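Report on the following structure.
The values are calculated or read from the model by the stated rules, or taken from the named source; none is laboratory data. On a predicted model such as this, the values are computed, not experimentally measured, just so you know. With ideal geometry, Cβ positions are generated from the backbone for all residues, glycine too; neighbour counts draw on all protein chains shown. What goes into the accessible areas is simple: the full protein's heavy atoms, side chains included, and nothing from ligands, DNA or RNA. Shrake-Rupley method; radii C 1.70, N 1.55, O 1.52, S 1.80 Å.
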Amino acid sequence: MVKKLILCDCGGSQNMDRAAIEAGCDVSCSRVHTALCTAELGTAAELLQQEGEVVIACGQEQVTFTELAAELEVDTPGFVDLRDRAGWSEQGADATPKMAALAAEALLPAPVTPSADVVSEGVCFIAGPGEVAFDLAAQLSDSLAVTVLVTDDARPLSRAYDVVRGRVRQVSGALGGFELRLDAVQQIEPGGRGGFGWTAPRDGAVSQCDIIIDLTGDIPMVQAPHKREGYLRADPRDLVAVARLAFEAAQLIGTFEKPLYVRLEESLCAHSRAEQVGCSNCLDICPTGAITPAGDHVAIDPMICAGCGACAALCPSTAITYEDPPVSFLLARMQLLARTFRQAGGHAPRLLVHDAHGAEMIRLAARFGRGLPADVIPLELGVLSGFGHAEMLAGLAHGFARVDILLAPTTERDALIRELALAEALAGPNRLGLIDESDPDALTDLLYAQEKPAPLPDPVLPLGNRRQIARLAAQALNPGGPSIKLPDSAPYGTIAVDTDACTLCLSCVSLCPSGALIDNPDLPQLNFQEDACLQCGLCHTICPENAITLVPQLDLSDAALSQRVLNEEEPFACIECGALFGVKSTVERIMEKLAGTHPMFASSEQARMIQMCDDCRVKAQFHTQDNPFAAAPKPRVTTTDDYFTKRKDH
């Protein structure tokens with residue numbers, strides 16, 4: 001369907017060049033209205049009833065236009081904020097290229113994130129002291145199936161809900177699928193006069209529920225409790241917070257759509273081989289504990305995953321990819337913003353990546369402060385921690401002069417700091433940065449005073465997975481450059497082999513998860529392809545001679561895409577048939593250590609077998625006196641004379 005952009009200058013408070021915006025974003029634009037949400041609401045109704053999809057250039061009055069579309073029984077329009085992000089600024093008169101870029105991005109169709117249904121039937125588990133837990137249970141018992149685990153000696157007076165006493169050993173799962181393991185569990189004995197009694201305590205109880213309300217005031221039962229859906233927690237002394245939990249819990253009944261934020265390709269995972277641990281980046285960075293070891297690879301629980309994306313940013317093999325949205329769509333957004341900005345007459349744009357908190361800072365800066373500079377293009381993401389070095393480099397490769405990430409107070413920073421160091425090593429100084437600023441005025445002052453490096457003169461379009469994107473972007477940013485030294489945690493590099501220590505046992509080849517280390521079936525040779533190396537460390541760990549050292553770097557030349565020999569030796573020729581086998585130095589070393597000294601090779605004939613190939617060694621052993629393949633001697637044939645010999649009657 002053809003899209004149309006409806007423009008409004010918000011009471012004449014911003015300058016909008018209809019022709020320039022239309023030409024820049026290549027879409028039909030309406031005339032510039034002045035009060036589309038009030039005096040010209042009838043005009044807005046007429047525009048909404050036209051053929052094709054409609055996008056309104058207003059972020060503030062989305063509710064007004066959404067309700068209008070519902071009354072008219074037409075499709076809900078799209079929205080793009082050109083005022084707070086561009087028009088309301090000290091440089092608003094020069095913001096037309098940015099307006100065109102933001103409008104073009106808003107017209108880009110977004111992919112649908114995969115999702116799964118989560119069903120919550122309202123089974124609620126409350127843990128905490130009886131005085132608070134019983135009151136909350138009484139409020140919720142009419143709408144939820146409540147069980148209270150009381151952590152003190154309080155005894156209930158009501159049987160409207162179940163009550164047990166004990167302690168929580170372990171909690172797993174999320175909304176609609178929690179599982180609890182309990183110890184010292186005591187149940188109510190309802191019979192008899194006076195207060196209820198308790199049964200004898202028992203360990204190892206298992207319970208399932210949909211919702212957990214933690215009023216213990218103790219250490220949280222799960223990792224990252226604020227990110228675990230269905231897990232509600234409050235200080236039992238804060239009665240207002242406890243009352244708020246009652247409202248939140250009552251809303252958690254029904255079927256909910258859970259986004260499947262990440263996708264795992266197990267065959268690419270470099271976590272482990274032969275019980276030797278290699279890469280553990282995702283396990284170390286996951287804040288919720290959704291990722292666990294599962295043999296040679298990891299496993300991701302999609303119900304626990306909160307979608308921060310840090311695991312995908314740090315995954316060296318691209319076994320984990322982010323799907324909300326996929327990296328291809330994020331790159332398409334950046335490329336469209338940069339290209340449209342230049343087409344509309346702009347030069348040297350800067351990219352400001354932010355989340356919902358950053359969007360609010362931008363709105364406040366626009367309404368009450370200086371607003372964003374005309375060359376700073378905001379890009380809003382759901383989360384920031386998944387914006388890794390590949391995306392940072394891609395932004396520069398698309399033609400942005402700088403890429404800055406505006407942090408929020410709740411942003412997971414460990415992955416970002418690590419990825420920024422890697423990206424700066426590949427892109428050079430003063431092109432990338434993290435902005436940790438919560439004052440809108442201080443943010444805009446920083447952006448206006450910021451150094452503005454020259455952008456890439458010939459922007460490129462990096463494609464592929466994260467490793468390919470990073471390589472292509474780095475080549476564009478370092479034309480003809482040599483190998484670039486990288487931080488120790490980098491997922492790119494080579495290995496150095498001590499050829500004096502290496503015996504070409506090829507243990508490293510058998511464990512290499514990416515195929516970077518390759519043997520030669522015809523010769524004793526250790527080959528290496530640098531582009532495939534993940535720097536997972538499995539080869540270094542397994543090498544019995546400690547002959548392998550990891551060297552983090554990125555070779556931008558084509559030599560990194562082909563195999564090279566790290567170590568090779570002369571093969572040994574079988575003394576019987578002349579067939580090549582093994583390594584000559586190894587065979588000679590074994591002969592030196594075993595011949596004439598080890599009982600199995602004490603004689604010269606036995607020692608010669610060390611110098612034979614597999615086939616000749618079997619033949620030689622077959623003809624030896626103590627042939628290990630020989631069967632028991634064949635029994636002698638019994639004759640008539642044998643029978644007569646045994647008889648005693650002749």
Residue check, E73 at positive phi and free of Cβ contacts under 8 Å to residues at least 24 places away in the same chain: yes
Residue selected from the stretch 214-232 under the condition outside any loop (DSSP other than H, G, I, E, B) and not charged (D, E, K, R), by the criterion nearest to S120 (Cα to Cα): Y231
Residues satisfying the stated conditions in the stretch 405-458, i.e. of a type in the set (D, E) and touching a Gly at 6+ places or on another chain (Cβ under 8 Å): E419, D441
Hits in the stretch 42-66 (condition: in a helix (DSSP H, G or I) and either open to solvent by less than 60 Å² (accessible area, probe 1.4 Å) or touching a Pro at 6+ places or on another chain (Cβ under 7 Å) (or both)): G42, T43, A44, A45, L47, L48, T64, F65, T66
Count of residues meeting criterion [without any contact (Cβ under 8 Å) to a residue 12 or more places away in the chain and either within 19 Å of R363 (Cβ to Cβ) or charged (D, E, K, R) (or both)] in the stretch 43-65: 2
Filtered residues of the stretch 516-529 (kept if out of contact with any Phe, Trp or Tyr (no Cβ under 8 Å at 6 or more places or on another chain), modelled with pLDDT of 95 or more and not in a strand (DSSP E or B)): Q529
So R169, is it open to solvent by 60 Å² or more (accessible area, probe 1.4 Å) and part of a strand (DSSP E or B): yes
Of all residues in the stretch 225-238 being touching a residue at least 24 places away in the same chain (Cβ under 8 Å) and over 18 Å from L180 (Cβ atoms), the one that is least open to solvent (accessible area, probe 1.4 Å): P236
Complete set of residues in the stretch 529-567 that are over 19 Å from L511 (Cα atoms) and among the acidic types (D, E): D555, D558
Number of positions in the stretch 519-535 that are more than 12 Å from E568 (Cβ to Cβ) and either in contact with a Pro (Cβ under 6 Å, 6 or more places away or on another chain) or surrounded by 17 or more Cβ atoms within 10 Å (Cβ to Cβ) (or both): 7
Residue identified as in contact with a strand residue (DSSP E or B) (Cβ under 7 Å, 6 or more places away or on another chain), part of a helix (DSSP H, G or I) and aromatic (F, W, Y) among F134, F125: F134
Hits in the stretch 552-584 - residues which are surrounded by 16 or more Cβ atoms within 10 Å (Cβ to Cβ) and hydrophobic (A, V, I, L, M, F, W, C): L554, L556, A560, L566, F572, A573, C574, F581, V583
